[in-house]
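Written out below as structure tokens is the structure these notes cover.
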Amino acid sequence: MDKIEKRTLILLIIASAFNGFVIGTFNIQDVLAKKALQSLDWQITILVMLWPLSNLFSIWWGKALEHSRTLSKFFLITGFVGRLCLLLMLWVHNYYQYLIIMIVVFSFNALISPAQNSIYKNNLSPRNRGKIFGYAASILTLVAVIFSFFFGKLLDLNESLFRPILAFVGIAGFISSLLMAIIKVRSKKYIEQPLKFRELFLTPIRRTLQIFKKNKDFAIFQRNYFIYGIGFMIVLPAIPKYLVEILQMDYTQTFFAKGVISQLGILFLAPLAGKIHDKKNPANFSSKAFLLLGFYPLILFISNFFIETNYVNFIVYFSYLVFGIAMSAIMISWNISSIYFARKDDVSMYQSVHVSLTGLRALIVPFLGYLLLTIFNVQVVFLISVSMFWLASILNYRLYLKMCKKEFVYPGQLKRAVRLIRRIFPFG
């Protein structure tokens, strides 16, 4: 690595450590609202929608990034407004106050991914990109795991401690954004023409359609990710109900499952997943990850048959372990696959399109999950989630084969067979 890469690596690692407190909070914010604020199922549905729904703003953030030479001001805005607002948690006493603050936090969080992708594309070489992202993700996850474990322990002792703890998270998130703002991006591509305010609303939508028309493979990849997202989101309203009401887990047990075990795969496997991603086609890589993730809701479904036994919690813990292993790959794919498809274009807009589609499905899917939960039960929701994950896996593998044919790249066994034939018949 050159000096810029080394400096970027150090700042990314430290920023990720502080951001771990924020992500640790994101992982358990639904359970916190369910237990500490006695939120109803429909209120939890709205809350779990916020993170993905806020991503809908990403295409507008991405368009603004396309017209900006630097990223620092965007990270500073996120830090001051989108992180320090958590200090207001000191005065929160009901669900609606909690909801308003989390809306602000998640809205500005949609800026982080496209801005961060510009850093990874411009400051890091392709051979180091996925690996470095993996190391940063592991550091982030280590902090999130430790924080979630002690957070749960403290709340079992005194439930009202969530207020000062979340205020501390806001300060940690601000420091993370400040460190990201310090990173100088080299040779960032940008549109010199100033972005007019009246163009800010319609232009990103037209730009999104242009990208899909120009890059058909990216459009198919996003369709498949959309299907995966249905599987991921449809189960979100069912999880707090299943863990808190049906299994009657306490803070320590739920935070241990959602905040600790679910993160172990990312903690230990993210660097390896990043290294593999650097060498693989993203469609093939994510296809295998979706296939594995399908076992997470399947195991939760199976755990329902062991509710009356002493083993049910351990089955739930195992489902979250599988979730973590699969997400170690999906997290890499979700965050940096756009770089592969963007090629020479500005990756900020590609990633913002990818992130915004997460928000689009959040308009529909969590409510669909709540509706299914009301009409049927959690088991039905779990099985639908499995089917969506595996459908996305099959479609992404088909995309991979199509891309191999287009680029004349042979997958797996076929590649070795072609090499053998060329040795026997050395021509053409």
- Item | Checklist (1) modelled with pLDDT of 80 or more; (2) surrounded by 18 or more Cβ atoms within 10 Å (Cβ to Cβ); (3) farther than 21 Å from Phe367 by Cα applied to Ile46, failing item | (3)
- Task: Working only within segment 329-340, note down all residues that are of a type outside the set (Gly, Ala, Ser) and open to solvent by 10 Å² or more (accessible area, probe 1.4 Å).
- Result: Met331, Trp334, Asn335, Ile339, Tyr340
- Message: Residues to consider are Leu300, Leu292, Leu236; find the one that is part of a helix (DSSP H, G or I) and surrounded by fewer than 24 Cβ atoms within 10 Å (Cβ to Cβ).
- Response: Leu292
- Query: Pick from Phe151, Phe147: which is touching a residue at least 60 places away in the same chain (Cβ under 8 Å), surrounded by 23 or more Cβ atoms within 10 Å (Cβ to Cβ) and under 21 Å from the mean Cα position of the chain (by Cα)?
  - Reply: Phe147
- Task: For segment 80-101, indicate whether the set of residues that are open to solvent by 10 Å² or more (accessible area, probe 1.4 Å), of a type in the set (Val, Ile, Thr), touching a helix residue (DSSP H, G or I) at 6+ places or on another chain (Cβ under 9 Å) and closer than 25 Å to Ile44 by Cβ is non-empty.
- Result: yes
- Query: Would you call Leu243 assigned to a helix (DSSP H, G or I) and either open to solvent by 50 Å² or more (accessible area, probe 1.4 Å) or over 29 Å from Phe26 (Cα atoms) (or both)?
  - Reply: no
- Going through segment 115-137 one residue at a time, which ones are in a helix (DSSP H, G or I), open to solvent by 10 Å² or more (accessible area, probe 1.4 Å) and of a type outside the set (A, V, I, L, M, F, W, C)? Gln116, Lys121, Asn122, Pro126, Arg127, Asn128, Arg129, Lys131, Tyr135
- Query: Which of the residues that make up segment 314-342 are at pLDDT 90 or above and not small (Gly, Ala, Ser)?
  - Reply: Phe314, Ile315, Val316, Tyr317, Phe318, Tyr320, Leu321, Val322, Phe323, Ile325, Met327, Ile330
- Message: Just to be sure I understand, how many residues within segment 10-26 are surrounded by fewer than 19 Cβ atoms within 10 Å (Cβ to Cβ) and at pLDDT below 90?
- Response: 1
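The values are calculated or read from the model by the stated rules, or taken from the named source; none is laboratory data. Remember, it's a predicted structure, so these values are computed and weren't measured experimentally. As a convention, Cβ positions derive from the backbone with ideal geometry for all residues, glycine included, and neighbour counts pool all protein chains shown. Areas reflect the complete protein model, heavy atoms only, side chains present, ligands, DNA and RNA absent. Shrake-Rupley method; radii C 1.70, N 1.55, O 1.52, S 1.80 Å.
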